[in-house]
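Notes for the one structure printed next.
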Amino acid sequence: MEQLISSKNYEIKDIEDNFNILNSNYKIALEIYTNLRKKVSLFESKLDLIEFGIYEQVYSFEKSDDYRAEQNKIIDLQKSMISNDTAVICHTNWMVEGSEAKGRAVVKVYKKLMLRAFNGESDVLISKVKWNNVNQMKERMRKLFDVINKLGGGFKVNLNIQYFDLKWKELILEHEYQTKRQQEKEEMRAIQEELREEEKAKIEFEQAQREAEKEEENYQKVLDKARKEIELATGEKYNKLQSQIERLEIELREAQEKKERALSMAQQTKRGHVYIISNIGSFGENVYKIGMTRRLEPTDRVKELGDASVPFKFDIHAMIYSDEAPRLENELHKAFNNKKVNMLNNRKEFFNVTIDEIEQKTREIGLDAEFSRLPEAMEYKESLAILDKLNSQQAESKTIEQIIAEEFPSTLTY
């Protein structure tokens, strides 16, 4: 019995030893694979390179031209180091055929080759840098620096780390320059959009003024005529003209108020409407756009948004008039800053919030706006119903053989 137990213990120990060896080999192989995977990914074009991390901005210039100016300064410093023969360093005085002069000449050629290789590859990396590969390109430049210095190790020649730092900064500045340029383009597009919106609002105000002035003029003419006629009228005709005059006076005041309102809206650029809209068919639930318009008919702006590059119309949950519309819009944007759908572009005014949160915030600001909670989403819901019907009809049109093949595939014989 003891012999059997001893034998089994030996087998268990043998299994444990084999397991430990396999586990150790696995860890070594995994580490090798991870390192190789990272090296390979340096030369792949991927949008999701998590192992390189999120890029953190280094410079904070206000204009793209400032980035380009700083980059030119960095390039001038590189040229200065090359001119002063400090970009590549040799730590030994070599002699060739007993001559130090020939040794210096050989080293000079070798330094030039190293510098040309590093600059050529680095310039390619700089020209290809984009938002999704900047950290990848930085790693590739660092790897390039190490490889070239390793090749120069036999001659005790290496690229100066200060020169590498300058090239590194040039790469960073190129990336941030391109990013800033894109931001400026987005801002310019937004400004142009605002100008177009302002122009449309101006046209609406001017048209409303003209129409109101024309109505005022017509009512005034008819009113003047009625007042002249009533001076000569008696009895029933007098009473009828009196009623007509009273009605015309009301309509004249309304036309004058309409004209004044259009004039006031045109003169005061801060007046407008802040709208809260959704489009569940395009963006899903609890995604709201908070924007502002100065249009005389604010719903026209919402209609235009629904006609532009989205499959369904927007639903209006609130339309809030304010004498300080830009300030109100800005306060709402700041309140939900951490819930923006697009964290990079502040001009994209979509927020992942609930309608209750928006309503609560407007009340905190001091507004008592009326909110519509449930979106109508007519086109989206009708589209879903049509798709369900088509799918149902398609399912009904299947043959018995198709149904059997889908439900009981193992029963078919060939």
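Quick note: the coordinates plus some simple rules give every number you see, no bench work behind them. Please read these numbers as outputs of a predicted model, since none were measured by experiment. As a convention, Cβ positions derive from the backbone with ideal geometry for all residues, glycine included, and neighbour counts pool all protein chains shown.
Under 4 °C and 1.567 mPa s, how fast does the range 85-131 diffuse according to Stokes-Einstein, given a Kirkwood radius computed over C-alpha pairs? Answer in µm²/s, whole number. Reported coefficient: 105 µm²/s. Annotation: amide H-H contacts under 5 Å for Ala318 (H modelled 1.01 Å from N, sequence separation of 5 or more, or interchain): Ile276, Ser372. Based on the convex hull around the alpha carbon atoms, the range 272-375 presents an average projected area of 6.1 nm².
Which pairs break 26 Å Cα to Cα here: Lys180/Lys348; Lys150/Lys180; Lys138/Lys334; Lys130/Lys150; Lys221/Lys303; Lys200/Lys339? Provide the component values of the computation, followed by the final result.
Details: Lys180/Lys348 17 Å; Lys150/Lys180 36 Å; Lys138/Lys334 35 Å; Lys130/Lys150 28 Å; Lys221/Lys303 38 Å; Lys200/Lys339 31 Å.
Exceeds cut-off: Lys150/Lys180; Lys138/Lys334; Lys130/Lys150; Lys221/Lys303; Lys200/Lys339.
What is the order of Glu379, Glu349, fewest Cβ neighbours within 10 Å to most? All intermediate terms of the calculation are to be shown ahead of the outcome.
Working: Glu379 14, Glu349 20.
Exposure proxy ranking, most exposed first: Glu379, Glu349.
Computed over the range 190-346, the Cα gyration tensor eigenvalues convert (square root of 5λ each) into semi-axes of 46, 16, 13 Å, ordered from largest to smallest. Each peptide in 89-97, 132-140 was scored by the mean count of other Cβ atoms within 10 Å over its residues; highest first, the order is 132-140, 89-97.
Cα convex hull, the range 197-267: 59 Å³ per residue, rounded to a whole number.
Classify the range 104-145 as rounded, prolate or oblate from the Cα gyration tensor: take a ≥ b ≥ c as the square roots of its eigenvalues, call it rounded if a/c is under 1.5, otherwise prolate when a/b beats b/c and oblate if not. Please report the intermediate quantities before stating the final value.
On the way: a/c = 6.94, a/b = 3.00, b/c = 2.32.
It is prolate, given that a/c is not under 1.5 and a/b is the larger ratio.
Whole angstrom only: what separates the Cα centroid of the range 319-345 from the Cα centroid of the range 154-184? About 38 Å separates the Cα centre of the range 319-345 from the one of the range 154-184. Computed with the Debye formula from one identical point scatterer per Cα of the range 64-184, without solvent, the log10 of I(q)/I(0) at q = 0.16 Å⁻¹ comes to -0.77.
If contacts are Cα pairs under 8 angstrom and at least 6 residues apart, what is the relative contact order of the chain in percent? The partial results should precede the final answer.
Details: 395 pairs, mean separation 47.2, N = 414.
Answer for the chain is 11 percent.
Let me have the 222 nm mean residue ellipticity of the chain computed from DSSP H runs of 4+ only, each contributing -39500 (n - 2.57), with the sum over all residues rounded to the nearest 500.
Helices in the chain give a 222 nm mean residue ellipticity of -23500 deg cm²/dmol.
According to the Kirkwood relation over distinct C-alpha pairs, the hydrodynamic radius of the range 296-342 is 12.6 Å.
For Ile148, Ile276, Ile250, what ranking results if the residue with the fewest other Cβ atoms within 10 Å of its Cβ goes first?
Numbers: Ile148 20, Ile276 24, Ile250 11.
Going from least to most buried by this count: Ile250, Ile148, Ile276.
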